[in-house]
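Below is one structure, written out as structure tokens; the observations come after it.
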Amino acid sequence: MTEPSTAATGSSVGAPRRKQRLHPLVGTARNHVKAALELLDKPENAAGTGVSCVDEPLLLLVACSGGPDSLALAAVATYFARPLRDGTQRYRVGAVVVDHALQPGSAEVAERARTQLAGLGLAPVEVRRVSVGQPGMGPEAAARVARYAALDTAAAEHGAAAVLLGHTLDDQAEQVLLGLGRGSGTRSLAGMAPRRGNYLRPFLELRRKQTEELCALAGLEPWHDPTNADPKFLRSRVRAEILPFLEQQLGPGVAEALWRSAQILRADADYLDAQARTEYLRLRIDTPDGIELERSGIEVLPAAMKHRVIALAAAEMGGENPSYERLIAAESLLARQGSAGPVQLAGMVSVYRRVRREPAGQTGPVAQERGGYGNLVFRTTGSRPVTPHH
């Protein structure tokens, strides 16, 4: 793929002429994308693998709504599709425009985004129309499920190495405030991850107004989603009313402070989650109809570990992340005498305290310690709706 000219982009966002001075914001945005792409060369976790050794250019798909954040990201990403000095090409850049079909004229909005993306030199560029509707979910969650399903499918069909998402620092600040309002734990307050599987968020350190400036520099005309200002949606109220109020009352820099808090809490959550995973694998017992956690092991864990271990068991059974109240209810089963429960956890998972279970062929103290008195038992109680994990 040849590098787009400034005539096509209207600025230096894509690939400037050699003598044209690079706008500082464009340079900053490119550095953020470069840092995000470097994550692809590193394992995401102990079981992950990097993708640094490749013979063909890696395909990057930009998830685009036609709004300023994703259009700006697409314009900046085109820089990384240029041939290198040695004649090789590290990346190809394409895009997927997801049309949720929730508003009149959504098809026209999607087509306009597709035209602008193609004009930037992205390929492939395609529009995927989705059907939004998921039992037991609100409209925002249902749209998110449909969107990520479409992106997952597109990435698999095209063999994409990564999907780039245009979330900004403002989105991260809103996410932290929403978590605070729900009384969420460390992981939720840590906000959105820079990387989740093959999804990358390069712009988490850029402000929304900077993406609008990048679009102006590129000569792009972004679409502004009217639902972002609709007060019937909680996130819209946080964006249009709560964050501006906090800035007014506490002074400028609230969004940046929330972003810093998310960074700190993410490091804490990553460490605690890794420790909890180790404890979970130590205490977990497979049973024919579910999972058990050893009473003697789990009841001596610190609360932070105990709650995470219970949540891991619920997740393995297909449940959702339990609320604090449900975690406390499940933990309280350990202090009960005899059988107790069940406690219902979100996602059709129940947990109860078993009086006694001796594995086949085992009796005596070993059986009582490993599989007997007071173990927490996790079982599914029915079918569950699909939930987003991005």
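General remarks:
- When the charge dipole of region 305-357 is built from unit charges on Cβ atoms (+1 for Lys and Arg, -1 for Asp and Glu) and taken about the Cα centre, the candidate among 310, 329, 352 whose Cα reaches farthest toward its positive end is 352.
- Put 184, 350 in order of accessible area, highest first, and with a 1.4 Å probe you get 184, 350.
- Region 108-253, dipole about Cα centre (Lys/Arg Cβ +1, Asp/Glu Cβ -1), debye to the nearest 20: 440 debye
- Near residue 129, the amide H atoms lying under 5 Å from its own belong to 99; only residues 5 or more places off or on other chains count, and H is placed 1.01 Å from N.
- Percent of Cα pairs exceeding the 20 Å cut-off, where the set is region 242-314: 50 percent
- Calculated from backbone phi, Karplus (6.51, -1.76, 1.60) coupling profile of region 239-246 in Hz, x at Gly/Pro: 5, 8, 10, 6, 4, x, 5, 5
- Computed about its Cα centre, the charge dipole of region 212-274 is approximately 240 debye, with only Lys, Arg, Asp and Glu carrying charge at their Cβ.
- Kirkwood-Stokes translational diffusion coefficient of region 69-171, alpha-carbon pairs, 4 °C, 1.567 mPa s, µm²/s: 86 µm²/s
- Taking all protein chains as shown and a probe of 1.4 angstrom, residue 80 keeps an accessible surface of around 20 Å².
- The figure for residue 215 is an accessible area of roughly 0 square angstrom, using a 1.4 Å probe on the protein chains alone.
- Accessible-area rank, largest first, for 88, 168: 88, 168, with all protein chains present and a 1.4 angstrom probe.
- Ordering of 89-99, 154-164 by packing [mean C-beta count within 10 Å, highest first]: 89-99, 154-164
- Gap separating the Cα centres of region 172-222 and region 239-299, nearest whole Å: 17 Å
- Take residue 264: with every protein chain present and a 1.4 Å probe, its accessible area is about 110 Å².
- Subtracting the Cα-Cα distance of residue 381 and residue 90 from their residue separation scaled by 0.36 nm leaves 99.9 nm.
The values are calculated or read from the model by the stated rules, or taken from the named source; none is laboratory data. This structure is a prediction, so every number in the text was calculated from the model and none was measured. Please note: Cβ atoms are built from the backbone with ideal geometry, for glycine as well, and neighbour counts cover all protein chains shown. In case anyone asks, the SASA skips ligands and DNA or RNA and just uses the protein heavy atoms, side chains included. Shrake-Rupley method; radii C 1.70, N 1.55, O 1.52, S 1.80 Å.
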